[in-house]
Amino acid sequence: MLLAERLGGAAVLRLLLTAQVVSAFEPISVGIAIGAASALTGYLSYTDFYCRFAECCRPEQPLNASALKLDLEEKLFGQHLATEVILKALTGFRNNKNPKKPLTLSLHGWAGTGKNFVSQIVAENLHSKGLKSNFVHLFVSTLHFPHLQKIKLYQDQLQKWIRGNVSACASSVFIFDEMDKLHPGVIDAIKPFLDYYEQVDGVSYRKAIFIFLSNAGGDLITKMALDFWRAGKKREDIQLKDLEPVLSVGVFNNKHSGLWHSGLIDRNLIDYFIPFLPLEYRHVKMCVRAEMKARGSTIDEDIVTRVADEMTFFPKDEKIYSDKGCKTVQSRLDFH
């Protein structure tokens, strides 16, 4: 930059004009000349150049809240609470230049209601490569922590993995799937990383994001949704305050939650317990249309209806909610 200032704009302009003249004879020279001009004017730093060809961690990069909002509204169906809370939580967290702790979200609900889908949307909006990013890490309880007798080993490995990756990228994202199948105690190994510490062993975790996905609490969420339906109230009238306290206590006391008697709950280190409501017939049809659109197919309402009609619904008498949510929509659509 200092060199560019000494040379002045005229010198840079002459360099670019020279490149145009040379272009008729030596294309490679043009690239060198333009690259030199860019370097002189400070337009192209080494980091910017490198990040054009390789994925870079940019902790200070602001979140595009409008893009996230659009993704949630267009791709997630029947989950007004999840849409509202995730948008608010992520936007507030990323706009805070000095957060006091990592953002920790716990997503709860039956299978097929959109928890994994939301974690994918979040990952894509935080890191360009989404779940394939070097800075997004997915743990599946039954795959990565299968053996009860190896809890201590898992705890040590988990701490080392998270410490190493946050050291490499402060805005790393960690997703823990199937928390309801995780052995109690494993997740408490990361408690120091989620707490209000400026640093832990020289590493700051304050800009990292942790997301837990669990079926635990699905029965409590369904009961609340069913109570509203039977009372003639709209599901959109359900508020977070109606469910979050019940959900946190229920998960804490559920031996099959992975957060059973966890210090993460006891110390209030989970910022939001986010309920995913059971999906109705109309939401299943939305999922079918979205899948057809994603495949580039023309939306055929007869097929949409047939696929939705093949799903099974509960409770036995009312048959309001899909027992698998939208989980089997893709496979069922293959037969039509």
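With respect to the conditions (1) open to solvent by 10 Å² or more (accessible area, probe 1.4 Å); (2) under 25 Å from GLN120 (Cα atoms); (3) among the β-branched types (Val, Ile, Thr); (4) in a helix (DSSP H, G or I), ILE299 falls short on a single one, namely (4).
Selection over region 96-135 of residues that are under 15 Å from GLY325 (Cα atoms) and open to solvent by 30 Å² or more (accessible area, probe 1.4 Å) gives a count of 4. Residues in region 216-254 that are of a type outside the set (Asp, Glu), within 22 Å of the chain's Cα centre (by Cα) and part of a helix (DSSP H, G or I): GLY218, ILE221, LEU240, LEU243, LEU247, SER248, VAL251. Within the set ASP300, ASP317, ASP323, ASP271, the sole residue that is of a type outside the set (A, V, I, L, M, F, W, C), touching a strand residue (DSSP E or B) at 6+ places or on another chain (Cβ under 6 Å) and farther than 18 Å from TRP110 by Cα turns out to be ASP271. Within region 324-336, if we keep just the residues that are open to solvent by 70 Å² or more (accessible area, probe 1.4 Å) and assigned to a loop (DSSP other than H, G, I, E, B), the residue that is modelled with the lowest pLDDT turns out to be HIS336.
Scanning region 155-188 for residues that are open to solvent by less than 10 Å² (accessible area, probe 1.4 Å) and part of a helix (DSSP H, G or I) turns up LEU158, ILE162, VAL166, MET179, ILE187. Determine whether region 84-91 contains at least one residue that is of a type in the set (Val, Ile, Thr) and surrounded by fewer than 20 Cβ atoms within 10 Å (Cβ to Cβ). Checked against the condition, which is being of a type in the set (Val, Ile, Thr) and surrounded by fewer than 20 Cβ atoms within 10 Å (Cβ to Cβ), region 84-91 yields at least one hit. Would you confirm whether or not region 198-217 contains a residue that is closer than 30 Å to ASP242 by Cβ, crowded, with 21+ Cβ neighbours inside 10 Å and touching a Lys or Arg at 6+ places or on another chain (Cβ under 6 Å)? Taking every residue of region 198-217 in turn, at least one turns out to be closer than 30 Å to ASP242 by Cβ, crowded, with 21+ Cβ neighbours inside 10 Å and touching a Lys or Arg at 6+ places or on another chain (Cβ under 6 Å). Is it the case that PHE117 is more than 22 Å from LYS101 (Cα to Cα) and not in a loop (DSSP other than H, G, I, E, B)? Yes, satisfied.
Looking only at region 176-222, count how many residues are among the small types (Gly, Ala, Ser) and either without any contact (Cβ under 8 Å) to a residue 60 or more places away in the chain or within 22 Å of LYS101 (Cβ to Cβ) (or both). Break it down stepwise before answering.
To start, the set of residues in region 176-222 that are among the small types (Gly, Ala, Ser) comprises 185, 189, 202, 204, 208, 214, 216-218.
Filter once more, keeping what is either without any contact (Cβ under 8 Å) to a residue 60 or more places away in the chain or within 22 Å of LYS101 (Cβ to Cβ) (or both): 185, 189, 202, 204, 208, 214.
Number satisfying all stated conditions: 6.
Only one of the listed residues (LEU259, LEU269) is in a loop (DSSP other than H, G, I, E, B), in contact with a Gly (Cβ under 9 Å, 6 or more places away or on another chain) and open to solvent by less than 80 Å² (accessible area, probe 1.4 Å). That residue is LEU269.
The values are calculated or read from the model by the stated rules, or taken from the named source; none is laboratory data. Note that the structure is a prediction, hence the values are computed from the model and not measured. Positions of Cβ are backbone-derived with ideal geometry, glycine not excepted, and every protein chain shown enters the neighbour counts. In case anyone asks, the SASA skips ligands and DNA or RNA and just uses the protein heavy atoms, side chains included. Shrake-Rupley method; radii C 1.70, N 1.55, O 1.52, S 1.80 Å.
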